[in-house]
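First up is the structure itself, then whatever we jot down about it.
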């Protein structure tokens, strides 16, 4: 099975990368994920906001020690 990611627009499928090793006529199934473009645009927007906040904090002085975090082990999770 070959999975090809891309976009389907106005009746035309455009793969993200060139499709190789497909000879002759092959049976294929196209699955359209509704909302995938909107989700991608939301992720891009969120990353843009993060980049802007990081750029805005350039003059901020960091003081003190960073807070230490502890990730629970599988055994600690099971004990809950």
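Nothing in this text is a laboratory measurement; each read-out follows from the coordinates by a stated rule. Values in this document were obtained by computation on a predicted structure and should not be read as measured data. Cβ: placed from backbone, ideal geometry, glycine included. Neighbour counts: every protein chain shown.
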Candidate set: the stretch 29-46, residues that are exposed (fewer than 10 other Cβ atoms within 10 Å of the Cβ) and touching a strand residue (DSSP E or B) at 6+ places or on another chain (Cβ under 9 Å); chosen: the one farthest from residue 2 (Cα to Cα): 32
Pair list, Cβ under 6 Å, 6 or more apart: the stretch 18-44 residue in a loop (DSSP other than H, G, I, E, B), other residue surrounded by 10 or more Cβ atoms within 10 Å (Cβ to Cβ): 19/4; 32/8
Filter result for residue 49 (at negative phi, under 26 Å from the mean Cα position of the chain (by Cα) and not in a loop (DSSP other than H, G, I, E, B)): yes
Filter result (within 19 Å of residue 41 (Cα to Cα) and either in contact with a helix residue (DSSP H, G or I) (Cβ under 6 Å, 6 or more places away or on another chain) or loosely packed, with under 10 Cβ neighbours inside 10 Å (or both)) within the stretch 1-19: 5, 9, 14, 16
Yes/no for residue 68 being surrounded by 10 or more Cβ atoms within 10 Å (Cβ to Cβ) and either under 22 Å from residue 7 (Cα atoms) or without any contact (Cβ under 8 Å) to a residue 60 or more places away in the chain (or both): no
